[in-house]
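The values are calculated or read from the model by the stated rules, or taken from the named source; none is laboratory data. Everything numeric here is computed off the predicted structure, so don't read it as measured data. In this analysis, Cβ positions are derived from the backbone assuming ideal geometry, glycine residues included, and neighbour counts consider all displayed protein chains. Just so you know, the surface numbers come from the protein's heavy atoms only, side chains and all, with ligands and any DNA or RNA stripped out. Shrake-Rupley method; radii C 1.70, N 1.55, O 1.52, S 1.80 Å.
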Amino acid sequence: MAETFDHVVVGGGIVGAATAWTLSRRHPDRRVLLLDKEPEFGRHQTGHNSGVIHSGIYYTPGSLKADLCRAGATATEEFAEEHGIPWRRIGKLLVATDERELAAMQALAERAAVNRIEATVLSGAELREREPHVAGLGALHVAATGITDYGMINRRLATLVEEAGGTLMRDTRVLGIRETAQEVVLTTSRGDVRGSHVVFCAGVQADRVAAMAGVEVDFAMVPFRGEYYDVRPERADLVDTLIYPIPDPELPFLGVHLTPTVDGGLNVGPNAVLGLAREGYPKFSFDRRDVRDIVTFPGMWHVARANVRTGVREMRNSLSKRGYLRLCQKYCPDLRLEDLTPREAGIRAQAVMRDGSFVHDFLMRDTPRTLHVVNAPSPAATSALPIADLIVDRVDGVQG
């Protein structure tokens, strides 16, 4: 006989785990299930995260992204502190290396003020004094930015769901979704699961899951590989602060950056290369179905035409370690080829609409008894706890 729950959350990454925990806290009398197809929670985007607690400086004032990021940074720090998860507020330097970037840096400083984020403009000399191995015409210092281990946060959230009386179901694939007026029936690899309401946090598979649930899908989830290198341990003290380039406002990616980690390491990345497998982390991963979906989606042809030069550059730097290094040496000239050692890539799930536009903010779709978190872009890890509050508010609004 199928198990029955009041709330089912499909997808055990950090957003899904936070949602299940929030449901458990708000409704301790209800049965909550957190379900994931992997043997462990947080295997995909959360498990390949750079660990940055973002301040929200980049995002359009008043946007959901900006508001959730500010709230999320505070919530993440408090959660990590309460549960003994390592975190540090080490600050971030956004480095301008030419006149165009200096102008963009000033615009970011103005945006920071509107977003109520403390940011200090540094001259080239002040930058060099603060970080002797970093070069630029100037920099924007954001003191509020921090680092943590989101994998640990993800696992702790799942444990809290179980401690609150919820159920964890790993290694369980959803094979079918049938919604009636009274419930949602999930056909899974371990039998049927019934839920009064189901939240889907399916990440890079969100379009396929939404289609399975009968949602009209006018978007596609496109995988972008984010490739990293570790800096060899004896050079991990190269910088004390997060070092970022000034981002290109036309792209949804922040550029290759230097990231100190909470365990004392240092890594560099990620770039952004179109992936040929939604869950293929090794270089040259290829999945026939994933590639077919990319080339048959009209929006990707718009993306390709608009970004051909950027795409070629990213691919060239992906194939050439020396080319990748040049991206870093633009602001950290002391970094050397022998300093970089391979690290497993990540896959960023980016929603693209049929007209080729990138979805820059959070995107959700729903039916009477399901809610699909379609696009949860960076800084979703930082914002996971307030995103979960938003999701549960919507669920409670539907259920009354």
The stretch 195-218, residues that are in contact with a Gly (Cβ under 8 Å, 6 or more places away or on another chain), farther than 20 Å from ASP6 by Cβ, among the hydrophobic types (A, V, I, L, M, F, W, C) and surrounded by 22 or more Cβ atoms within 10 Å (Cβ to Cβ): ALA202
Selection within the stretch 193-205 - small (Gly, Ala, Ser) and farther than 15 Å from ILE14 by Cα: GLY195, SER196
Pick from the stretch 135-194, criterion touching a Leu at 6+ places or on another chain (Cβ under 7 Å) and not in a strand (DSSP E or B), ranking: most open to solvent (accessible area, probe 1.4 Å): GLU162
Per-region count, the stretch 90-134, residues open to solvent by less than 60 Å² (accessible area, probe 1.4 Å), charged (D, E, K, R) and over 20 Å from ASP237 (Cα atoms): 2
Flag if GLU129 is touching a residue at least 40 places away in the same chain (Cβ under 8 Å) and either part of a helix (DSSP H, G or I) or among the β-branched types (Val, Ile, Thr) (or both): no
GLU216, sole failed condition from (1) outside any strand (DSSP E or B); (2) of a type outside the set (A, V, I, L, M, F, W, C); (3) under 24 Å from PHE41 (Cα atoms): (3)
Which numbered condition THR4 misses (of (1) over 17 Å from MET169 (Cβ atoms); (2) open to solvent by 40 Å² or more (accessible area, probe 1.4 Å); (3) of a type outside the set (A, V, I, L, M, F, W, C)): (1)
Any hit, the stretch 157-173, residues being among the small types (Gly, Ala, Ser), in contact (Cβ under 8 Å) with a residue 40 or more places away in the chain and closer than 15 Å to HIS54 by Cβ: no
So LEU238, is it surrounded by 17 or more Cβ atoms within 10 Å (Cβ to Cβ), within 22 Å of the chain's Cα centre (by Cα) and over 24 Å from ARG43 (Cβ atoms): no
Segments classed as strands (runs of 3 or more DSSP E), wholly inside the stretch 293-400, with at least 2 members that are in contact with a His (Cβ under 7 Å, 6 or more places away or on another chain) and open to solvent by 50 Å² or more (accessible area, probe 1.4 Å): 363-367
Among (1) in a loop (DSSP other than H, G, I, E, B); (2) under 21 Å from CYS201 (Cβ atoms); (3) at pLDDT below 95, the one test that LYS37 misses: (3)
Any pair with Cβ under 6 angstrom, 6 or more apart, that starts in the stretch 356-385 at a residue that is under 19 Å from HIS197 (Cβ atoms) and at pLDDT 90 or above and ends at one that is in a strand (DSSP E or B) and among the small types (Gly, Ala, Ser): VAL374/ALA351
Scope the stretch 265-303; condition of a type in the set (Gly, Ala, Ser), under 30 Å from VAL134 (Cα atoms) and modelled with pLDDT of 95 or more; matching residues: GLY265
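One line per residue, one yes/no per condition, for (1) open to solvent by 30 Å² or more (accessible area, probe 1.4 Å); (2) in contact (Cβ under 8 Å) with a residue 60 or more places away in the chain; (3) within 27 Å of GLY166 (Cβ to Cβ):
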site	(1), (2), (3)
VAL10	no, yes, yes
VAL15	no, yes, yes
ALA18	no, yes, yes
LEU35	no, yes, yes
PRO39	yes, yes, yes
THR46	no, yes, yes
SER50	no, yes, no
ILE53	no, yes, yes
ILE85	no, yes, yes
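Residue-by-condition table, conditions (1) farther than 16 Å from SER378 by Cβ; (2) not polar (S, T, N, Q):
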| site | (1), (2) |
| --- | --- |
| GLY13 | no, yes |
| GLY51 | no, yes |
| SER55 | no, no |
| GLY62 | yes, yes |
Condition met for ASP29 (without any contact (Cβ under 8 Å) to a residue 24 or more places away in the chain and among the charged types (D, E, K, R)): yes
Hey, THR4 within 18 Å of ALA164 (Cα to Cα) and modelled with pLDDT under 95 or not: yes
Within the stretch 190-221, tally of residues that are free of Cβ contacts under 8 Å to residues at least 60 places away in the same chain and out of contact with any helix residue (DSSP H, G or I) (no Cβ under 9 Å at 6 or more places or on another chain): 3
Residues of the stretch 100-125 that turn out to be in contact (Cβ under 8 Å) with a residue 12 or more places away in the chain and part of a helix (DSSP H, G or I), as a count: 11
Residue match in the stretch 154-172 (condition: in contact with a helix residue (DSSP H, G or I) (Cβ under 7 Å, 6 or more places away or on another chain) and modelled with pLDDT under 95): no
